[in-house]
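A.B. asks: Please see the structure below; I have some questions.
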Ligand SMILES: [Zn+2]
């Protein structure tokens, strides 16, 4: 199945690349109204995608910086002003930004507002039982799925600023090529861990797409949205699972308080087993700007490297 998926991605990239070669590159300076496009994005991952596709043509403001949890994020007055005065707004959709739905709806009547998940084939989306029939919004964890979000960014920029369509197509083709390599890298790294050790325990249920794409069983302490409360029963259940499966390491997330995972670690200890905290993963937010983890590619590499290191170390 992975083989098929990889081939489809390659075909997609080839299609982009061939449109990219037609026609000449156009001037970077003369644009719609002769100005760059002012873009506001919610998460850093989306901001990074817009920068990669838009290049010099866009000026990107990201509302949710390092460590910020999009499930709980409430727009400030300043955010609303920034959005209202932007040319385009890009958000994830699928209720990731659970407290901002109404704002996007209002904004869409005056600003071009795009959900990057909107073009993804619903057949590829997951509907975890615990999420009450809604789609899981964490699409960036499967690089091949995120490529479709990048394609949605490209389509929106092409539509908004047709005069520079070639630039967006070429940039998107180059970036998607990079993501094909990244997807392969995560697959290769994951395969270093034997199948029964590929269990990922994290602070919240963000890793379903990751698990499906790269062959991990995933368990999160909190639900799909961090807005859900964690009860003592959840902690005990997961502690039992860890002890039973003798899971060597679990992971904290930069955008979720570590106290839940620490409580879980204590619960496991009280059952006579030791589970390590294998490191910090960038789940719903990227790292600091200017660091490798401050980009989507860097955060994905950091996550798989951290997971493999922790699970291999203790398994060997
Ligand atoms: Zn999340």
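A.B. asks: Any residue that is in a helix (DSSP H, G or I), touching a strand residue (DSSP E or B) at 6+ places or on another chain (Cβ under 9 Å), at pLDDT below 95 and not assigned by TED's automatic domain parsing to the domain that holds residue 46 - is there at least one of those in region 282-301?
C.D. replies: no
A.B. asks: Sticking with this one: Quick one: would you say residue 174 is surrounded by fewer than 18 Cβ atoms within 10 Å (Cβ to Cβ), in the same structural domain as residue 304 (by TED's automatic domain parsing) and farther than 18 Å from residue 138 by Cα?
C.D. replies: On the way: surrounded by fewer than 18 Cβ atoms within 10 Å (Cβ to Cβ): yes; in the same structural domain as residue 304 (by TED's automatic domain parsing): no; farther than 18 Å from residue 138 by Cα: yes.
Considered against the rule, which asks whether it is surrounded by fewer than 18 Cβ atoms within 10 Å (Cβ to Cβ), in the same structural domain as residue 304 (by TED's automatic domain parsing) and farther than 18 Å from residue 138 by Cα, residue 174 comes out as no.
A.B. asks: Restricting to region 56-65, name every residue that is touching a residue at least 24 places away in the same chain (Cβ under 8 Å) and either crowded, with 18+ Cβ neighbours inside 10 Å or farther than 21 Å from residue 287 by Cα (or both).
C.D. replies: Scanning region 56-65 gives 56, 57, 58, 64.
A.B. asks: Further question: Among the residues of region 178-207, count how many are within 16 Å of the ligand (Cβ to nearest atom) and in a loop (DSSP other than H, G, I, E, B).
C.D. replies: Within region 178-207, residues that are within 16 Å of the ligand (Cβ to nearest atom) and in a loop (DSSP other than H, G, I, E, B) number 3.
A.B. asks: A further question on this structure: Is at least one residue of region 181-189 over 30 Å from residue 158 (Cβ atoms) and over 18 Å from the mean Cα position of the chain (by Cα)?
C.D. replies: Checked against the condition, which is being over 30 Å from residue 158 (Cβ atoms) and over 18 Å from the mean Cα position of the chain (by Cα), region 181-189 yields at least one hit.
A.B. asks: Only residues that are buried (at least 16 other Cβ atoms within 10 Å of the Cβ), outside any helix (DSSP H, G or I) and away from the ligand (no atom under 16 Å from the Cβ): list them for region 66-82, please.
C.D. replies: Residues of region 66-82 that are buried (at least 16 other Cβ atoms within 10 Å of the Cβ), as a first pass: 66, 68-71, 73, 75, 79, 82.
Now drop any that are not outside any helix (DSSP H, G or I), which leaves 66, 68-71, 73, 75.
Of everything in region 66-82, just one residue is buried (at least 16 other Cβ atoms within 10 Å of the Cβ), outside any helix (DSSP H, G or I) and away from the ligand (no atom under 16 Å from the Cβ), namely 75.
A.B. asks: For region 211-219, state whether one or more residues are within 16 Å of the ligand (Cβ to nearest atom), within 24 Å of residue 277 (Cβ to Cβ) and assigned by TED's automatic domain parsing to the domain that holds residue 92.
C.D. replies: no
The values are calculated or read from the model by the stated rules, or taken from the named source; none is laboratory data. Only a predicted model underlies this, so the values are computations on that prediction, with no experimental measurement involved. Methodologically, a virtual Cβ is constructed for each residue, glycine included, from the backbone with ideal geometry; neighbour enumeration extends over all protein chains shown.
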